[in-house]
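The block underneath contains the structure these notes are about, expressed in structure tokens.
Just so it is clear, none of the values below were taken in a lab; they were calculated from the coordinates. Since the model is a prediction, treat every value here as computed from it, not as a measurement. Please note: Cβ atoms are built from the backbone with ideal geometry, for glycine as well, and neighbour counts cover all protein chains shown.
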């Protein structure tokens, strides 16, 4: 074989050798374990703190609310949309072995005065008073602003998909929406 | 207005009609315009070199080395716009060490390596080997070492060895032609295979890209040849200029006909995307009708066509060729712009438009694109200094 050719083959062999050495050094250890990615990526994600609880678990303890929701106009919305992801809350009560079905003793609803809120001049509203410790408590957004996130008149939203109201012209402009529309079954 | 809505309203001021939220700002900006532009220059310049070597067009001999070296200088930076565009530029090598063979984008690294290592480097090496040996004996100091390294330690310059260089160089040019087609056909394929985008999705895309690549590569070599001759105060070879002009004329016409074919096909089939695409054409007036078609194609074709029948005096032709080379280079840039930017201006719902404005600073801005476009010219100058074609021993061997 001519000298040029043997020399070129040598150079290419060195180049490929370097490539493979570099490759063995740079390819992450767990790469290719399950597929075309780093196997550890899965473990890292699995080790992240869980935040979201499945709606099935909510239903186990909150049969009444779930039942209301399933039959009402808000059936297409999940509990988490309004109450937040809820994993901690879930775990807390699971460990306590409590449930919140109507026959459960832990149910405690009182009438409280919410007029302390500056935004809201609406008094004497039935307010659920939670016994859950702060850290595990879920939000119960009862203010008008919350509902209006989805229901305020907006020309970009098709009326077919969601009913909208003109806040300046919808019954009482101060009253909380949930006073007239129970959140879990808004038209009842 | 709260900050949340002010961002929304600012974004909305840039759009027209109904557009999906993820289409408001373009993902592929000016850097991605440069990418097909640069690879096109590479492929085109190489094909011009092969015309001399494989198809034995004798008149093109003076620009053989210039074509190869310019092709090489642009190839060295062909990946730069892509890397600068990545969200994680420092991870680009991962694509090569863990190749995913079913991803068209990931394959580019291999198409690129093949073209760089197997085609261009080898061809230049075989072409210059004899001279490298000679220079490594003549020069002193660092340059001597550089030339020595470049010879890879092969010092045989016997008649027989040179004949082998000749043969292998020829073989590589022959392999190089389909490889150049592959390189740029690939870039066209990347766009043509995006079936979600009616402006891109077309089987003819790789072919159109290929011919526009040849057009731009020929114009680039024409431009560089004239600049180099001017700087070296050398006389231009009018025969060579005329035959570059002739090939430019033919490829321009072919390229234009192919694009027209695509357009006619779109007009005739008038698929559901047709309405929005016709509105898009009106939005691209500056880059499409004026830049690409009028200045980039019609004027050069008219002048070059005239030269095929009448030959005005040399200095007039020289000036015309120089202007044409710039017009064509700009025209093909507009073509890449129309493809890349144009394809992202309209909504996939066919109901609205967004706008694109390149920023000046930032990795994706105008400045960085200008820098990227400037580097190959510097590399080209260094290569000419290191491997001067005019100092080769036997200038006319094929």
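Laid out as a table, the results:
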read-out	value
Cα-based convex hull volume of chain B per residue, rounded to whole Å³	167
FRET efficiency estimate (nearest 0.05) - Cβ-Cβ, residue A:154 to residue B:231, R0 51 angstrom	0.20
Inter-label distance, nm, simple model (7 Å from Cα along the C-beta direction), residue A:56/residue A:173	4.8
Residue A:70-residue A:92 FRET efficiency (beta carbon distance; Förster radius 30 Å; 0.05 resolution)	0.75
Ordering of B:146-152, B:203-209 by packing [mean C-beta count within 10 Å, highest first]	B:203-209, B:146-152
Cα-derived Rg over Rh, computed across chain A with Rh taken as Kirkwood radius	1.32
Expected 222 nm ellipticity per residue - DSSP helices of 4 or more, -39500 (n - 2.57), all of chain B, to 500	-21500 deg cm²/dmol
Overall form of the protein assembly as shown per C-alpha gyration tensor (a/c, 1.5; a/b vs b/c)	prolate
At q = 0.14, 0.17, 0.24, 0.28 Å⁻¹, base-10 log of I(q)/I(0) for the range A:3-47 (Debye sum, equal scatterers on each alpha carbon)	-0.51, -0.61, -0.81, -0.91
Neighbour-count order for B:73, B:216, fewest beta carbons within 10 angstrom listed first	B:73, B:216
Prolate/oblate/rounded label for the range B:247-398 (Cα gyration tensor, a/c 1.5)	oblate
